[in-house]
Amino acid sequence: MGIRETVLAEVNPDGYHSCMNEQRFFAARLRELRAAAGLTQRELAERAGMHPQSLVKLENEDREPTWATVLVLAAALGVKVQAFTVEPKETAPAPRGRPRKVAEAAPAARKRGKK
């Protein structure tokens, strides 16, 4: 067993053995840490000196992070690198796009226009 497999087995004994699972694990944990810090993707990207789209790709599991990226993200979030090894509570990617508008807001806007 190589060092990578040994470390992954320590982090998650139930197994996150494939690259895809590692990306899913990292993406979910990154979203959790960002939300806990109260930051938007754009705010975190600015703090980390990254392009916002790079952060989006990491959170959507479209890109695997480099070690340098992990280091700057940890610093920008104010956490130790080990925070990324804690198993995430959620593993599904965040929904894409904007949330739907609340239906109750529309009738109030129409009432203002009527006399």
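The values are calculated or read from the model by the stated rules, or taken from the named source; none is laboratory data. The model shown is predicted, which means the values in this text are computed figures rather than measured ones. Reconstructed Cβ throughout: ideal geometry from the backbone, glycine too, with neighbour counts over all protein chains shown.
Specify the residue that is modelled with the highest pLDDT; the eligible residues are those in the stretch 34-64 that are of a type outside the set (Lys, Arg), part of a loop (DSSP other than H, G, I, E, B) and touching a helix residue (DSSP H, G or I) at 6+ places or on another chain (Cβ under 6 Å). Talk me through it step by step, then tell me what you get.
From the stretch 34-64, those of a type outside the set (Lys, Arg) are 35-41, 43-46, 48-56, 58-62, 64; that's our starting set.
So of that shortlist, the ones also part of a loop (DSSP other than H, G, I, E, B) come out as 37-40, 49-51, 60-62, 64.
Checking the rest, the ones that are also touching a helix residue (DSSP H, G or I) at 6+ places or on another chain (Cβ under 6 Å) come to 37, 61, 64.
Numbers: ALA37: 94, GLU61: 90, GLU64: 91.
Within the stretch 34-64, the match that is modelled with the highest pLDDT is ALA37.
Could you list, in sequence order, the residues of the stretch 74-85 that are surrounded by 14 or more Cβ atoms within 10 Å (Cβ to Cβ) and either more than 22 Å from THR40 (Cβ to Cβ) or charged (D, E, K, R) (or both)? Outline the logic, then answer.
Just the residues of the stretch 74-85 that are surrounded by 14 or more Cβ atoms within 10 Å (Cβ to Cβ), to begin with: 74-77, 79, 83-85.
THR85, the sole residue that qualifies.
Could you list, in sequence order, the residues of the stretch 65-79 that are outside any helix (DSSP H, G or I) and modelled with pLDDT of 95 or more? It would help to see each step written out before you state the result.
Residues of the stretch 65-79 outside any helix (DSSP H, G or I): 65-66, 78-79.
Within the stretch 65-79, GLY78, VAL79 qualify.
Got a number for residues in the stretch 58-69 being of a type outside the set (S, T, N, Q) and surrounded by 16 or more Cβ atoms within 10 Å (Cβ to Cβ)? If you could, list the steps in order and put the result at the bottom.
Just the residues of the stretch 58-69 that are of a type outside the set (S, T, N, Q), to begin with: 58-59, 61-65, 67-68.
Right, trim to surrounded by 16 or more Cβ atoms within 10 Å (Cβ to Cβ) and you get 58-59, 61, 63, 65.
So the count comes out to 5.
Filter the stretch 86-111 down to the residues that are exposed (fewer than 10 other Cβ atoms within 10 Å of the Cβ) and at pLDDT 60 or above and list them by number.
Across the stretch 86-111, the qualifying residues are LYS89, PRO95, ARG96, GLY97, ARG98, PRO99, ARG100, LYS101, VAL102, ALA103, GLU104.
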